[in-house]
Amino acid sequence: MNIELTEKEFRRLLDMVYVGNWILNSTREDKRIKAYDELESKIFSYCIKAGMYSLFEVVDNEVLPSMEFADGGIHEAIMDYEDTVFYEILAEELARRDMDFAPIDSENADELASRIDEYIEEFEQNGVDNITLDK
């Protein structure tokens with residue numbers, strides 16, 4: 001299979017591959033999914049042909065994203081995603097708790113959505129500053 005990409009498209013593909021592998025493997029420690037690591041390495045090896053030498057490094061005969069690539073803003077995008085997901089999950093969990101974890105159906109779905117929206121608005125204004133835990 002051959003895929004034709006412009007340099008800009010290839011650079012975006014590198015970001016997508018890196019982010020995808022980060023999501024799939026970053027928390028797995030010694031249980032990483034090797035197939036994704038290998039595919040990331042294969043895709044980054046095309047940086048050689050593209051003359052994008054600063055975006056990869058070779059470690060133990062394996063092509064990896066370079067520190068320059070990793071430090072180039074991609075982790076800010078990952079952190080933005082993680083923050084959004086964190087707040088959305090927290091809002092839904094708190095809203096469900098407020099509703100005594102009742103099964104969601106057509107009768108209470110609007111209430112759940114409204115409660116989630118209220119929590120999201122709170123988090124947008126104050127982050128987690130107003131969250132307290134009773135001991």
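Readers should treat all values here as calculations from the given coordinates under stated rules, not as data from a laboratory. Source: prediction; values computed, not measured. Cβ coordinates were reconstructed from backbone atoms using ideal geometry, including for glycine residues, and neighbour counts include every protein chain displayed.
Do any residues in the stretch 92-113 that are free of Cβ contacts under 8 Å to residues at least 12 places away in the same chain have Cβ atoms under 6 Å from those of residues that are surrounded by 10 or more Cβ atoms within 10 Å (Cβ to Cβ), where the two are at least six apart or on different chains, and which pairs are they?
Listed by first residue and then by second, the contacts come to ILE104/LEU112.
Is there a residue in the stretch 83-98 that is in a helix (DSSP H, G or I) and among the aromatic types (Phe, Trp, Tyr)?
Pass one, the stretch 83-98, residues in a helix (DSSP H, G or I): 83-98.
Okay, now just the ones that are also among the aromatic types (Phe, Trp, Tyr), so 86-87.
Yes, there is a match, as at least one residue in the stretch 83-98 is in a helix (DSSP H, G or I) and among the aromatic types (Phe, Trp, Tyr).
Residues in the stretch 42-57: is at least one among the basic types (Lys, Arg) and over 22 Å from LEU5 (Cα atoms)?
Restricting attention to the stretch 42-57, the residues satisfying the condition of being among the basic types (Lys, Arg) are 42, 49.
Next, from what is left, pick out any that are over 22 Å from LEU5 (Cα atoms): none.
Taking every residue of the stretch 42-57 in turn, none turns out to be among the basic types (Lys, Arg) and over 22 Å from LEU5 (Cα atoms).
Just to be sure I understand, how many residues within the stretch 58-72 are out of contact with any Ser or Thr (no Cβ under 6 Å at 6 or more places or on another chain), assigned to a helix (DSSP H, G or I) and under 29 Å from ASN2 (Cα atoms)?
So the count comes out to 4.
Residues SER54, SER41: which one is surrounded by 10 or more Cβ atoms within 10 Å (Cβ to Cβ), touching a Leu at 6+ places or on another chain (Cβ under 7 Å), among the polar types (S, T, N, Q) and part of a helix (DSSP H, G or I)? So that I can check it myself, show each step before the final result.
On the way: SER54 fails: touching a Leu at 6+ places or on another chain (Cβ under 7 Å).
Answer to the check: SER41.
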